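Down below is the structure, laid out as structure tokens.
A short reminder: the numbers here are calculations on the coordinates, not readings from a lab. Because the structure is predicted, anything quoted here is derived from the model rather than measured. Using ideal geometry, Cβ is built from the backbone for each residue, glycine included, and neighbour counts are taken over all protein chains shown.
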Amino acid sequence: MSALVECVANFSEGRRPAVIDRIVGAIDSASGVALLGAESDADHNRAVVTFVGAPDRISDAAFAGIQIASELIYMDRHHGQHPRIGAADVIPFVPLRDVSMADCVNIAHGLAERVGETLHLPVFLYERAALQEANRNLADIRRGGYERLKVALERGAPPIPDFGPRQMGSAGGCVIGARNLLIAYNVFLDTADVTIAREIARAIRQSSGGLPQVKALGLLVGGRAQVSMNLTDYRVTSMRCAVAAIRAEARQLGAAVASSEIIGLLPQDALTETDVVELQIANFDQSRVLEYQIAKLC
């Protein structure tokens, strides 16, 4: 593959392996793409599927996954720790090699129109692909989750879909966009008190006056309090910086960092061998490095 686009598709299913396998299989069988990884978590009730492909092929793979998810996941029955609005919850495109952000925006717009018209899902364009400023921030679209959004659409209240119907069906809505590389990174505390994780998340996230380019939530996962983060620019706020801030906040609240984990892939320059130990990353190996996975394709 020469020109490469990455898609990190998030689906609202982490408890039914057969459903996840169907979604992953649909993506993996699409022509001109390569599956880099798929992982799921029952507490979040979410699956993250990472794949790359040529700019003219990756949209078909994403559509295949969205179609299967919309057929097999019923949002009125869905419950989990992670915020969500739909079966195919978030579908971002990321420029990797010989591809511009404008190219990814065009891919997102084309897919959004196709999903809205063919699958009849309300579709919201976010980040660099946003057509409405009110929809640019993913957190603003997902605030209150599927349940709040369903009511809002019935009332004609924002957020307003860019494509598709202005009402929710059983598969909910879909957010599609274009963005730069980010790192999905979770830090577990040595406590089950989720209020501590929530207080830490509030203190460190940018929207609350904390660290720049950091989005954070406090969740209860596997009986442990977790600070779940998206580092939207790891060169501005690194993993090391984020963990240092969490440790400082946790210390004041009588807690400590127990371990951390990476979700999906991360760029090679985001992490050193020393960081793996010092940040207590429990699930790191070379397969987590984006460049390592891409090199295997050549």
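Okay, here's what the table says:
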read-out	value
Percent of Cα-Cα distances greater than 23 Å, calculated over the range 4-178	32 percent
Kirkwood Rh (inverse of mean 1/r, distinct Cα pairs), the range 183-295, angstrom	13.9 Å
Over the chain: Rg over Rh, Cα atoms, Kirkwood Rh	0.95
Estimated inter-spin distance, residue 120 and residue 76, nm [label 7 Å along Cα→Cβ]	1.5 nm
Protection proxy ranking, peptides 272-278, 164-170, average beta carbon neighbours within 10 Å, highest first	164-170, 272-278
Normalised alpha carbon radius of gyration of the range 62-141 [divisor 2.2 N^0.38 Å]	1.15
Sites residue 283 and residue 180, calculated FRET efficiency, Cβ-Cβ separation with R0 22 Å, nearest 0.05	0.40
Amide N of the range 48-64 lying under 20 Å from the label point, which is placed 7 angstrom from the Cα of residue 295 along Cα→Cβ	51-53
Residue order, fewest to most beta carbons within 10 Å, for 215, 296	296, 215
Counted charge near residue 222, where neighbours are those whose Cβ lies closer than 15 Å (Asp, Glu -1; Lys, Arg +1)	-3
Point-to-point label distance, residue 151-residue 268, nm (Cα→Cβ direction, 7 Å offset)	5.0 nm
The range 116-195 versus the range 31-79: alpha-carbon centroid distance in Å	16 Å
